[in-house]
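Down below is the structure, laid out as structure tokens.
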Amino acid sequence: MEELKKVLEGRPVLYLATVEGYLPRVRPINHYMVWNGRFYIAMGKHKEAYKQLLDNTNLELTAALGENDWVRIRGTVNFDTSAEAYAAAFAEMPDLKESFSEDTGKRLALIYLDHISAMVFDREDNAKLLAKF
């Protein structure tokens, strides 16, 4: 997991792929963290992506690591509602406090991945496994 965290340093945008019915949906996300040995993403409970993950807990994330390399992260989602996870998310990503507060009425979901597979690929289709558990 530490190697994945290191690869993602300085990569503010990941692209999240979900399924809506039978159609693929992809959107950028920039709120993610490695905490307590797990890879987390944060999103609003009002978002369609959140609703899609409630229906189908499989997801994929990807990001370009430069001109020739990219990372692909696959897993199944779990929803963490612990106060400790929320405290860690607000400490790691303080801008979440502005978007998810009593003033906005929006609620934050913290999602961590299980059955994770993270790999780096290059243009020649060489792959390097970063994490699998």
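The values are calculated or read from the model by the stated rules, or taken from the named source; none is laboratory data. Quantities reported herein were computed from a predicted structural model and do not represent experimental measurements. All Cβ positions, glycine included, derive from the backbone under ideal geometry; neighbour counts span all protein chains shown. Side chains are part of the model used for accessible areas, which takes the heavy atoms of the whole protein and leaves out ligands, DNA and RNA. Shrake-Rupley method; radii C 1.70, N 1.55, O 1.52, S 1.80 Å.
Once all protein chains are placed together, residue 26 keeps about 100 Å² accessible to a 1.4 angstrom probe. Element breakdown for the chain at a 1.4 angstrom probe: carbon and sulfur atoms account for 48% of the accessible area.
Each Cα pair under 8 Å and six or more residues apart adds its separation to the average, and for the chain the resulting relative contact order is 26 percent. Accessible area per residue for region 1-58 is 59 Å², calculated with a 1.4 Å probe on protein heavy atoms, without ligands, DNA or RNA. Mind running the shape call on region 63-129? Use the C-alpha gyration tensor, a ≥ b ≥ c as the square roots of the eigenvalues: rounded below 1.5 for a/c, prolate if a/b tops b/c, oblate otherwise. In terms of gyration-tensor shape, prolate. As a rough guide to protection, the peptides 48-56, 125-133 ranked by mean Cβ packing within 10 Å, highest first, stand as 48-56, 125-133. What label, among [x] 16.6; [y] 17.9; [z] 15.4, belongs to Kirkwood radius over Cα pairs in Å computed from the structure on display? Here the calculated entry is [z].
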